[in-house]
Amino acid sequence: MNLIDFGPLRARVTGGTDGRGGGNGPVVVLCHGFGAPSDDLVPLSGALSVPRAVRFVFPEAPLGLPPEYFDGRAWWPIDMLKLQTALASGAIRDLSHEVPEGLASATEKLDGFLTEIEARLGVSSDKLVLGGFSQGAMVSTNLILRGQRRIAGLVIMSGTLLAEHEWTPLMPSRVGLPVFMSHGRYDPILPFELAEDLKTRFDKAGLKVEWVPFNGQHEIPRPALAGLSAFISAQTG
C-alpha cells in the first residue's frame, strides 16, 4: 500500500497488479465517514471480491477533529450536540433540506483530488467508481450531481438525501448512471426511510440503482459487501 498526496488530499492506494496500486486497471475511490480514521475503509480492498487489476484509493477527509475523536477526520463539521439530542429523543434525523456548511469546500477538494487521480494513475473517468460510507457517500453524491465527470458508477453506503431542492433537479442529468446503495433498516444515525427516498428519486430520474437493504444499523455488513463486489466487477469489467 502506498500513501500518496493527490492535489488537496492524501490517500492510501492499494490493489492492482502489485497490491500497491500498480498496473493500469480501473480505479475505485471510497471515502470514509465522519469521525473515522483515514484508513477506516482500507480493509474493504481485501474484503471485496473484484478483478485483480482493480486499484483502490482511499482519500483522507480534509478536516482534523478534536482529541476525543483520536485520529478521526471529517469532510465537514457536524453539530454533535444536535445529533445526540436527536438520538436521545428518538427523532428522525432528516437532513434532506440542509446544505451543510463545508459541503461545497469538501466537494471542491474531492473534485481536484479526482482530477489528480485521473492524471497520475492514468485512468479515464469512465473507468472510475466513486463513493463511500455515510458522510463520504454524501460528498461523493454531491460532486457527481453537480459536476460534469462521467464516472463508471456511484457507491452510496449508509448515505442520505441532502439539499433536496438542489439535488433533485440535477438528477435527470445523470440518467443511466449505475448506482449502488446499501442501508440498514435500523440505522439510528441516518434513517432508512430517507435513504429509500433518495433511491426513489434516483429511480424516477432514470439512474440505474442497485439497492441492498439489510437488517442492521450504520454499518457495512456481508450483504452490502457481496452486492458491492458484484457492482464493482460489473462496472469495471
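Numbers for the structure displayed
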{"read-out": "Bridge type composition, the range 2-236 - antiparallel percent by DSSP, nearest 5", "value": "35"}
{"read-out": "Alpha-carbon gyration tensor eigenvalues x 5, square-rooted, for the chain, Å", "value": "26, 20, 17"}
{"read-out": "Translational diffusion coefficient (Stokes-Einstein; Kirkwood radius from C-alpha pairs) of the range 103-153 at 25 °C, 0.890 mPa s, in µm²/s", "value": "223"}
{"read-out": "Charge dipole (debye, nearest 20) of the chain; +1 at Cβ of Lys and Arg, -1 at Cβ of Asp and Glu", "value": "740"}
{"read-out": "Cα→Cβ-extended label distance, 7 Å offset, between E108 and R120, nm", "value": "2.1"}
{"read-out": "Candidate lysines for bridging to K127, where Cα separation is under 18 Å - those fewer than 8 sequence places away on the same chain excluded", "value": "K208"}
{"read-out": "From phi via Karplus (6.51, -1.76, 1.60), per-residue ³J(HN,Hα) for the range 125-135 in Hz, x at Gly/Pro", "value": "4, 6, 10, 10, 9, 10, x, x, 10, 6, 4"}
{"read-out": "In order through the range 73-79: 3J(HN,Hα) via Karplus (6.51 cos²θ - 1.76 cosθ + 1.60), integer Hz, x for Gly, Pro", "value": "9, 8, 7, 7, x, 10, 6"}
{"read-out": "Segment R222-R93, extension gain: residue separation times 0.36 nm, minus the distance between their alpha carbons", "value": "43.9 nm"}
{"read-out": "Amide H contacts of R55 (H built 1.01 Å from N, under 5 Å, at least 5 apart or other chain)", "value": "G16, V27, V28"}
{"read-out": "Amide proton proximity set for L9, modelled H, under 5 Å, gap of 5+", "value": "none"}
{"read-out": "Most mobile of K199, K127, K82 in a GNM of the chain (Cα contacts under 10 Å)", "value": "K82"}
{"read-out": "Helix-only [θ]222 nm of the chain, DSSP H runs n ≥ 4, -39500 (n - 2.57) each, per residue, nearest 500", "value": "-10500 deg cm²/dmol"}
{"read-out": "Stokes-Einstein diffusion coefficient of the range 80-179, Kirkwood radius over Cα pairs, 37 °C, 0.692 mPa s, in µm²/s", "value": "224"}
{"read-out": "For the range 228-237, 3J(HN,Hα) per residue [Karplus equation, 6.51 cos²θ - 1.76 cosθ + 1.60, θ = phi - 60°, Hz, x = Gly/Pro]", "value": "5, 4, 5, 5, 4, 4, 5, 7, 10, x"}
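Any read-out appearing in this document is the output of simple, stated calculations on the displayed coordinates, not a laboratory observation. Computed from a predicted structure; not experimentally measured. Cβ coordinates were reconstructed from backbone atoms using ideal geometry, including for glycine residues, and neighbour counts include every protein chain displayed.
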